[in-house]
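Here's the structure, in structure tokens; my notes come after.
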Amino acid sequence: MNGEIFLASSLLPFLLLLIFKLEGRAADAVASTIIGIALLINAYGTYDFFQGGAGKVYHYAYTSGGNLGEVFGLSIDIASVIMGFTSILVSFLIVLYTADYMSSTNRSFPLESGKGRFYALFGLLTGSSMVFIYSTNLIQFLVALELMAIALLYLVDFYGNAKGPAIKGFLVLNLAVFLILGASAVLGNSQELAKMGSVAQSTKDTAFALLIFAALAMSSQLFFYSWLPDATAGPVPASAYIHSASIVPLGSFMLFRVIQYMNPGKDDFWLLGLLTVALIILMMIYYPLQTDGKKLIAYSTIAQAGVAYIILAYALLGHVEGLQIAVYQVVNHAFVKALAYLSVGAFAYSLGTTDFSRIKGIRKSLPWASIGWFLSFLGLAGVLPLGLFFSKAFTIMSTRHAQGVASWLFPGTVLFDAAIFLVVVLLWFNRMFFGEPEPAAEGHSTKLMCAVMITLILIGIVAPWVTLNVVMKIGFMR
């Protein structure tokens, strides 16, 4: 197994920083080529990993930092391989979509210049997300997160209209950085994932509590929930990646990693579980109040991340299914959420708005975007054919075996959230899908944009079947 394959696929996206000044189709070509090569390299590494036996864990240490121990390395196992491939694949599809979306023909935000700047920031976000996924220690997590925070700061305010939301998101993510730093200080050289399981229980309790709130901040949970909906002011492609395969889902992925290696015990079961339940209930209140498509997606993202945290709380009781289903949820959510954002982006591109109250007749005006929109929003409610049906079903079935009140509160919350979101989606469907088109579409979504959405539909249908048996091999690291 060659770790340099995954290292190369993680570092290649940073090359996009070099095209900061490039414009137009030249920027599109360079960006799609670099991310495409990173995807191909990662795909080869993924194939090689599974050919060599998916049960193995490969650890590559590159840099140490004195008393801190290892500060940069790669952890190659089932979870990181699946998550890494998902993230770079989604990034590549979004880059292809961006080539046509961010142009002078976009009715919502016509772009005459600045494409290279967008790709540079997007490359920074993609590269740091990949480094985060393969992290072997907390220091690497916090450095990668700080790079993601910098990328978010400039991406959210890319159009120059969202300085406040950009700074808010940046500050919340830096709070997460400081919380991870605090956990690192508590653990010392045991901040390496492989050493976490051997520390005293009191040390585990303190460090894990800090990491819970760091993860919740990344995923825009409860106390920190407002930064993500506000951050939708940025370009749709950036939001699509942040919500689906970068910052937000990586919060739950980090906590998954810590639970997997640390085995922190049952003490924080109710802390994590009840915070998440309260958050999801709050999102149910917000769903019917939204008219902007991007904001509605943002609140669903927060709730979907909450589902991952509920099943991770179940893992704290020692149930390996909690780890397995958490990864399954994050991967299935990535493709459905990317499709949701890009279909709403097609509304912005052709109609000049993402305000659902102003949109009618999309069946006629934007046939492919309307199909992508309907399937993805149904998928977010846990309706077939897309994969969140399966991960939500497994979450409900598994958490029924949790202790006490949690045996009905946790699955009931997930089920009720799906029902509320489904009702909201069907009400909007009745208003938006039929009738005469309004506003009039000035040009349909381009063939490339439609091709990306169709690809995401197909992947969203196939992914749960391909990944189910694979994630069931994930276990605790004793």
Of (1) surrounded by 24 or more Cβ atoms within 10 Å (Cβ to Cβ); (2) closer than 16 Å to His243 by Cβ; (3) of a type in the set (A, V, I, L, M), Val327 satisfies all except one. Which? (2)
Any idea which residue in region 262-276 is nearest to Ala162 (Cα to Cα), counting only those that are in a loop (DSSP other than H, G, I, E, B) and in contact with a Phe, Trp or Tyr (Cβ under 8 Å, 6 or more places away or on another chain)? Asp268
Can you pull out every residue in region 15-24 that is assigned to a helix (DSSP H, G or I) and open to solvent by 50 Å² or more (accessible area, probe 1.4 Å)? Leu15, Leu17, Leu18
Selected residue (criterion: farthest from the chain's Cα centre (by Cα)) from residues of region 369-400 that are at pLDDT below 90 and more than 16 Å from Ile459 (Cα to Cα): Arg400
Do we find a residue being polar (S, T, N, Q), over 19 Å from the mean Cα position of the chain (by Cα) and surrounded by 23 or more Cβ atoms within 10 Å (Cβ to Cβ) anywhere in region 129-139? yes
Within region 367-380, residues of a type outside the set (S, T, N, Q) and surrounded by 24 or more Cβ atoms within 10 Å (Cβ to Cβ) come out as Ala369, Gly372, Trp373, Phe377, Gly379, Leu380
Which of the residues spanning region 424-458 are outside any loop (DSSP other than H, G, I, E, B), open to solvent by 40 Å² or more (accessible area, probe 1.4 Å) and under 24 Å from Ser32 (Cα atoms)? Lys447, Leu448, Ala451, Ile454, Thr455, Leu458
Spot the failing condition for Asp28; the list is (1) within 27 Å of Leu255 (Cα to Cα); (2) in contact with a Lys or Arg (Cβ under 9 Å, 6 or more places away or on another chain); (3) not β-branched (Val, Ile, Thr), and only one is missed. (1)
When (1) modelled with pLDDT under 95; (2) surrounded by 24 or more Cβ atoms within 10 Å (Cβ to Cβ); (3) of a type in the set (Ser, Thr, Tyr) are applied to Thr86, the one that fails is (1)
Could you say which residue among Leu323, Leu351, Leu271 is within 30 Å of Pro439 (Cα to Cα) and hydrophobic (A, V, I, L, M, F, W, C)? Leu351
Considering only region 459-478, state which residues are part of a helix (DSSP H, G or I) and either surrounded by 13 or more Cβ atoms within 10 Å (Cβ to Cβ) or among the basic types (Lys, Arg) (or both). Ile459, Gly460, Ile461, Val462, Ala463, Pro464, Thr467, Leu468, Val470, Val471
Output for region 59-71, where each listed residue is at pLDDT 90 or above and either in a loop (DSSP other than H, G, I, E, B) or under 18 Å from Phe476 (Cβ atoms) (or both): His59
When you check Ile259 against the structure, is it part of a helix (DSSP H, G or I), closer than 18 Å to Ala418 by Cβ and modelled with pLDDT of 95 or more, yes or no? no
Here the residues within region 25-48 that are closer than 16 Å to Gly114 by Cβ and either surrounded by 14 or more Cβ atoms within 10 Å (Cβ to Cβ) or of a type in the set (Lys, Arg) (or both) are Arg25, Ala27, Asp28, Val30, Ala31
Search result, residues across region 51-64 that are touching a residue at least 40 places away in the same chain (Cβ under 8 Å) and either out of contact with any Leu (no Cβ under 9 Å at 6 or more places or on another chain) or more than 24 Å from Glu192 (Cβ to Cβ) (or both): Gly52, Ala54, Gly55, Lys56, Val57
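The values are calculated or read from the model by the stated rules, or taken from the named source; none is laboratory data. Not measured: the values here are computed from a predicted model. FYI the Cβ positions are ideal-geometry reconstructions off the backbone, even for glycines, and counts take in every protein chain you see. Note: accessible area is taken over every heavy atom of the protein model, side chains too, but ligands, DNA and RNA are not part of it. Shrake-Rupley method; radii C 1.70, N 1.55, O 1.52, S 1.80 Å.
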